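Chemist: Handing you this structure, nothing more for now.
The values are calculated or read from the model by the stated rules, or taken from the named source; none is laboratory data. This is a predicted model, so every value here is computed, not measured. Neighbour counts are summed over all protein chains in view; Cβ atoms, including those assigned to glycine, are modelled from backbone coordinates with ideal geometry. Keep in mind that these areas ignore ligands, DNA and RNA; they rest on the heavy atoms of the full protein, side chains included. Shrake-Rupley method; radii C 1.70, N 1.55, O 1.52, S 1.80 Å.
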Amino acid sequence: MGKIIIQNIKKIISTERVASQTPLCGEQMASLECIEGGYIILNDDIITEFGEMNSLNSCKVEGARVIEASGKMVMPTFCDSHTHLVYAGSREMEYRDKIKGLTYQEIAARGGGILNSAKLLHTTSEDELYRQSLDRAYEILRFGTGAVEIKSGYGLTAQDEIKMLRVAKRIGDSTPLTVRTTFLGAHAVPERFSGRREEYVDEIIHTMIPMIAAEDLADYIDVFTERGFFTVEDTDRIFNAGMKYGMRAKIHANQMSNSGAVRVASKYNAISADHLEFTGPEEFRSLKESGTIATLLPGSTFFLEMEYAPARAMLSYGLPVALATNYNPGSSPAGDMKFIMAIAALKMKMTPEEVINASTINGAFAMGIGESHGSIAVGKKANLIITRAIPSYEYIPYALTAPIVDTLILDGRELDINAIR
Ligand code: NIG
């Protein structure tokens, strides 16, 4: 590691004079602090200085490794605050059904969907699950993601949920990704509890949560609160139990209907409420009161061909909005934050500044790491993307599939993205 200077940067994107303690809300998201023609100094894994090239004191460069960035831009790595990237196999056979016109709920009701992934995960060893998930972790690194939240939820037994969370932790330990983990035992009711959902909720509360807490496997607790999955009452009980073990709430809220999920999220001061396709002013008020981040997942809306979340109305209301990939085998088989930004811009009418803020600083706050990640500020983690030579930051969401990452710096170490497996 040691000292690195990145110099002659065409533009430094998303700088903060003083690292913020809270996410950006509403109209604050419309601007992006940038420096034209700049430098950044890193000491080990921390950003220690940045500014305009003409203010650089040459003594500062002595002994430092120099990275030339002319024509390139530097921005914080993406913070993807909602993924299910630990899973076994894939579900392209359901994709056929989907193309033929079956809905997500219809596929789930036939025993497909989450239960299908759970069956496969059960017969997959922990090492094999790790190997498959590691490939996805490397994939998102190449896209420029530096921090990721990973949920369980395809186990649906104590043993298999633990298997998933151990794999998620192992990804954090064995790659340069910053990982936060979420226990999502309430993702679907497993077959063995068919017609006895409340008893499965009891098992989550009395067996799974204590076992997961004993191994310190989860930072957050999540529920898929939706018709056909879990009710608001189930969610309330699960959050209440998780809270006692220090797991803060996150929630899958209002993805397919207005389920009342936002109220329970606010009641438990959820760090984020995710999806929110079916929301209006009443939910906006609840989210605002509890300071809960609205995390939008347009990748799954695109894939399921459903309704997009009302991002513009949320921003006008003054809410903090984050974007995440929701990388999973059923509704969003895509881990590319840049693709998500493009959909958010085109389909939810978010501006380039808003999509960048939503994918960096607000994503960081939505996974509890906003004070150390998500922007370029003195004292923050040296987690940076040095872009290829690109004309502007608008180009990032505009150039749908063009790769933008030239060099990744994570924890102050330079990674050759072509060498990332
Ligand atoms: O957020 N809705 C619940 N969970 C995922 C889908 C998971 C799956 O279908 O495997 C989502 O869309």
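Chemist: Arrange the peptides 155-164, 319-328, 60-69, 236-245 so that the one whose residues have, on average, the most other Cβ atoms within 10 Å appears first.
Modeler: The most tightly packed comes first, giving 319-328, 155-164, 236-245, 60-69.
Chemist: Between the helical axis of 337-348 and the dominant principal axis of the chain, each derived from Cα atoms, what acute angle in degrees is found, rounded to the nearest 10?
Modeler: For 337-348 against the chain, the angle is about 70 degrees.
Chemist: Could you sort the peptides 16-24, 340-348 by per-residue average Cβ neighbour count (10 Å cutoff), highest mean leading?
Modeler: Descending mean neighbour count gives 340-348, 16-24.
Chemist: Mind checking the full-extension length gain between SER174 and ARG196? Use 0.36 nm per residue of separation minus the Cα-Cα distance, one decimal, nm.
Modeler: Between SER174 and ARG196, full extension yields 4.0 nm more.
Chemist: Say each of CYS34 and GLU128 gets a label point 7 Å from the Cα, pointing the same way as Cα to Cβ; how far apart are those two points in nm?
Modeler: Modelled inter-label distance: 4.8 nm.
Chemist: With just the Cα atoms defining each centre, how far is segment 281-316 from segment 352-421? Give it in Å.
Modeler: If we compute the Cα centre of each part, the gap is 23 Å.
Chemist: Additional query: If one computes the Cα centroid of segment 96-152 and of segment 154-209, what distance in Å separates the two points?
Modeler: 14 Å
Chemist: Taking only C-alpha pairs under 8 Å that are 6+ residues apart, what is the relative contact order of segment 79-365 in percent?
Modeler: Contact order relative to length: 17 percent.
Chemist: By per-residue mean of other Cβ atoms within 10 Å, what is the highest-first order of 213-221, 97-105, 293-301?
Modeler: Order by mean packing, descending: 293-301, 213-221, 97-105.
Chemist: Would you work out the charge dipole size for segment 333-421 about its Cα centre, treating the Cβ of every Lys and Arg as +1 and the Cβ of every Asp and Glu as -1, and quote it to the nearest 20 debye?
Modeler: The calculation lands at about 140 debye.
Chemist: Once the other residues with Cβ under 14 Å from the Cβ of LEU346 are scored (Lys, Arg +1; Asp, Glu -1), what is the net sum?
Modeler: Net charge in that neighbourhood comes out at +2.
Chemist: Here's something else I'd like to know. Considering only DSSP beta bridges with both partners in the chain, what is the antiparallel share in %, to the nearest 5?
Modeler: If I count the DSSP bridges inside the chain, around 45 percent turn out antiparallel.
Chemist: For the charge dipole of segment 79-365, defined by +1 on Lys and Arg C-beta atoms and -1 on Asp and Glu C-beta atoms about the Cα centroid, which residue among SER152, SER259, PRO210 has the Cα displaced farthest towards the positive pole?
Modeler: SER259
Chemist: To the nearest 20 debye, what is the magnitude of the charge dipole of the chain about its Cα centre, counting +1 on the Cβ of each Lys and Arg and -1 on the Cβ of each Asp and Glu?
Modeler: Rounded to the nearest 20 debye, it is 300 debye.
Chemist: May I pose another question? Tell me, in nm to one decimal, what length is gained between GLU215 and VAL232 on full extension, where the rule is 0.36 nm per residue of separation less the Cα-Cα distance?
Modeler: Separation in residues times 0.36 nm, less the Cα-Cα distance, equals 3.3 nm.
Chemist: What value, in deg cm²/dmol to 500, does the helix sum -39500 (n - 2.57) over DSSP H runs of n ≥ 4 give at 222 nm once divided by the residues of the chain?
Modeler: Helices in the chain give a 222 nm mean residue ellipticity of -10000 deg cm²/dmol.
Chemist: A follow-up question, please. Taking all protein chains together and a probe of 1.4 Å, list TYR317, TYR154, TYR138 from the most accessible to the least accessible.
Modeler: Highest to lowest solvent-accessible surface, that is TYR317, TYR138, TYR154.
Chemist: Give me the extension gain from TYR138 to ARG312: residue separation times 0.36 nm, minus the current Cα-Cα distance, reported in nm with one decimal.
Modeler: 59.3 nm
Chemist: Continuing with the same structure: Give the angle, between 0 and 90 degrees and rounded to the nearest 10, that separates the Cα long axis of helix 232-244 from the longest principal axis of the Cα atoms of the chain.
Modeler: In the chain, helix 232-244 runs at an angle near 60 degrees to the longest axis.
Chemist: Another question, if that's okay. If R0 is 25 Å, what FRET efficiency do you get for ASN418 and GLU16 from their C-beta distance, rounded to 0.05?
Modeler: 0.20
Chemist: So what's Rg/Rh here for the chain, counting alpha carbon atoms and using the Kirkwood radius for Rh?
Modeler: Using only Cα positions, Rg/Rh for the chain is 0.97.
Chemist: For SER90 paired with CYS59, estimate the spin-label separation in nm (one decimal), with each label point 7 Å from Cα along the Cα-to-Cβ line.
Modeler: Spacing of the two 7 Å Cα→Cβ label points: 5.7 nm.
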